[in-house]
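Enquirer: Following this message is one structure expressed as structure tokens.
The values are calculated or read from the model by the stated rules, or taken from the named source; none is laboratory data. These numbers come from a predicted model, not from an experiment. Cβ placement follows ideal geometry from the backbone for every residue including glycine, while neighbour counts extend to all protein chains displayed.
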Amino acid sequence: MAEVTTSRLEELLGDEAESLLGFSTPAISKDRLHLPGPDFVDRVWKDSDRPTPVLRSIKTLFDHGRLGGTGYLSILPVDQGIEHSAGASFAPNPDYFDPANIVELAMEGGCNAVASTLGVLGSVARRFAHRIPFILKLNHNELLTYPNTFDQIFFAQIDQARDMGAIAVGATIYFGSEDSNRQIEEVSEGRERSDAEEHPRRRLGNVFHAVMEDIGPGAVADEAKVKEHLPEANGKDIGKIIGWCEWLADQKIIANIHGEQHREMNFLAKVGGLPMRGVIDLFAPEVPLLLDYKTSVRVREGEFSVQVSVYAMALEQLGYTVPDVVHLAYVDAKRMVEVRRQTVDALVRRFRAAHKGEGSFRPEPGEACTYCDFRRACLRDGVKCPGSPLLF
């Protein structure tokens, strides 16, 4: 099979086959490059200036699809519908006038993500945003104007990307064109907004998770550690996060932690054959202890039982022994809550219904609605929240 493949390549490359396939003297050695690998995010991105939520989105992107965990990306980009018109782009295959088919093609191909326009992704966000990472293309050229012009114009905004559940945005710059300087400035401003526009409570929650990943439960952060993750933090923000650390460190179950710890542990798992992904805040297998941090003010009995049950099942699929009772640390309310995990059968029934678009997840309006990724797509009145079933 290898000989057939090589012969076919040589046939396709023609006269250039020998020089291309036999090339072995690069000007820059590969050991001087940041090559893809399972640790690519930690090795290349972790120490950059990207905020913690952005790093988590990057990790989600690299961990999804057939290439998940390899350091390589395969993204399906279909953003030419505006630029060339839908007719020019999809008339040869009319099935792709339907945005759902574009996303399903990316899913069936095992892509890390699908990249497309506001209209395409927005029209199917409720159905697919929790099943494959979305990348929203913010700007486009258009060829409907006569004579044609060549300029990238913003058709979408950062908050629309966040509201539909996209984990990233993309943009085009025509380098060297008359308008390239303006396009560079617009894209730069857009990136700055995508990094910075967060609800204050969510921002503090993300910083607390990042601090806990660094120091672990039982330790207390200082001002320098908080500012490492939130340079603009004021005295109130710093005091709140340090207070959360102090309360957590005083809890009895924290004192019992020993041995190996997994902090902010990304996982990909299947429950009843359905894909799940998420981040486990803390798992100490030698105790064993599964702990999830919550920075919300109010505590509701039975809340997050589906979420922590998925965490437990994901860990069991990795070969760990997990207790039937999972702990939620409400650091702002200063309460440690025990939640008994749901059975596999109960979860599978709910997830299979959600996966088929059946059943009903009824999110209750509350403070979280002000910063939920899906707040614009979720109608909150008998319509399942698109983030609830498969994204944890």
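Enquirer: Name the single residue, out of those in region 113-131 being assigned to a loop (DSSP other than H, G, I, E, B) and either in contact with a strand residue (DSSP E or B) (Cβ under 6 Å, 6 or more places away or on another chain) or modelled with pLDDT of 95 or more (or both), that is surrounded by the fewest Cβ atoms within 10 Å (Cβ to Cβ).
Expert: Here is the first cut: in region 113-131, the residues assigned to a loop (DSSP other than H, G, I, E, B) are 117, 129-131.
The next check asks that each one be either in contact with a strand residue (DSSP E or B) (Cβ under 6 Å, 6 or more places away or on another chain) or modelled with pLDDT of 95 or more (or both); those that pass are 117, 130.
Values: Thr117: 23, His130: 25.
Result: Thr117.
Enquirer: Could I ask something else about it? Report yes if some residue within region 283-294 is in the same structural domain as Val331 (by TED's automatic domain parsing), within 26 Å of the chain's Cα centre (by Cα), among the small types (Gly, Ala, Ser) and under 30 Å from Gly69 (Cα atoms); otherwise report no.
Expert: Kept after step one, since they are in the same structural domain as Val331 (by TED's automatic domain parsing), are these residues of region 283-294: 283-294.
Subsequent filtering for residues that are within 26 Å of the chain's Cα centre (by Cα) retains 283-285, 289-294.
Among the residues that remain, those that are also among the small types (Gly, Ala, Ser) are: 284.
With under 30 Å from Gly69 (Cα atoms) added as a condition, the list becomes 284.
Within region 283-294 (the criterion being in the same structural domain as Val331 (by TED's automatic domain parsing), within 26 Å of the chain's Cα centre (by Cα), among the small types (Gly, Ala, Ser) and under 30 Å from Gly69 (Cα atoms)), the answer is yes, since at least one residue qualifies.
Enquirer: Okay, next question. Kindly check whether there is at least one residue in region 20-32 that is over 30 Å from Arg263 (Cα atoms), in a helix (DSSP H, G or I) and touching a helix residue (DSSP H, G or I) at 6+ places or on another chain (Cβ under 9 Å).
Expert: The answer is yes; a qualifying residue exists.
Enquirer: If I ask for residues that are of a type in the set (D, E, K, R) and either touching a Gly at 6+ places or on another chain (Cβ under 8 Å) or over 25 Å from Ser74 (Cβ atoms) (or both), which ones from region 134-188 would you list? Can you show your working first?
Expert: Taking region 134-188 as the starting set, the residues that turn out to be of a type in the set (D, E, K, R) are 137, 142, 151, 159, 162-163, 178-179, 182, 185-186.
Of everything in region 134-188, those that are of a type in the set (D, E, K, R) and either touching a Gly at 6+ places or on another chain (Cβ under 8 Å) or over 25 Å from Ser74 (Cβ atoms) (or both) turn out to be Lys137, Glu142, Asp151, Asp159, Asp163, Glu178, Asp179, Arg182, Glu185, Glu186.
Enquirer: Hey, could you check region 227-268 for residues that are hydrophobic (A, V, I, L, M, F, W, C) and in contact with a Lys or Arg (Cβ under 8 Å, 6 or more places away or on another chain) and say which is surrounded by the fewest Cβ atoms within 10 Å (Cβ to Cβ)?
Expert: Restricting to residues being hydrophobic (A, V, I, L, M, F, W, C) and in contact with a Lys or Arg (Cβ under 8 Å, 6 or more places away or on another chain), the top hit is Leu268.
Enquirer: Could I ask something else about it? Here are some conditions: (1) acidic (Asp, Glu); (2) surrounded by 15 or more Cβ atoms within 10 Å (Cβ to Cβ); (3) farther than 30 Å from His209 by Cβ. Asp63 meets all but one. Which one does it not meet?
Expert: Every condition holds for Asp63 apart from (3).
Enquirer: With respect to Leu61, is the statement that it is part of a helix (DSSP H, G or I), touching a Pro at 6+ places or on another chain (Cβ under 7 Å) and among the hydrophobic types (A, V, I, L, M, F, W, C) true?
Expert: yes
Enquirer: Looking only at region 321-332, which residues are touching a helix residue (DSSP H, G or I) at 6+ places or on another chain (Cβ under 9 Å) and among the hydroxyl-bearing types (Ser, Thr, Tyr)?
Expert: Thr321
Enquirer: Just to check your reading of the model, which residue among Ala196, Ala161 is crowded, with 21+ Cβ neighbours inside 10 Å and either modelled with pLDDT of 80 or more or more than 16 Å from the chain's Cα centre (by Cα) (or both)? Don't jump to the end; show me each part of the working.
Expert: Values: Ala196 fails: crowded, with 21+ Cβ neighbours inside 10 Å.
None of the other options fit; the residue is Ala161.
Enquirer: Please tell me if Leu9 is surrounded by fewer than 18 Cβ atoms within 10 Å (Cβ to Cβ) and in a helix (DSSP H, G or I).
Expert: So Leu9 passes the test.
Enquirer: Report, by residue number, each residue of region 89-100 that is without any contact (Cβ under 8 Å) to a residue 24 or more places away in the chain, surrounded by fewer than 16 Cβ atoms within 10 Å (Cβ to Cβ) and assigned to a helix (DSSP H, G or I). Step through it out loud before you land on a result.
Expert: So in region 89-100, the residues without any contact (Cβ under 8 Å) to a residue 24 or more places away in the chain come out as 89-98.
Still in the list and also surrounded by fewer than 16 Cβ atoms within 10 Å (Cβ to Cβ): 91-95, 97-98.
Of everything in region 89-100, those that are without any contact (Cβ under 8 Å) to a residue 24 or more places away in the chain, surrounded by fewer than 16 Cβ atoms within 10 Å (Cβ to Cβ) and assigned to a helix (DSSP H, G or I) turn out to be Pro94, Asp95, Phe97.
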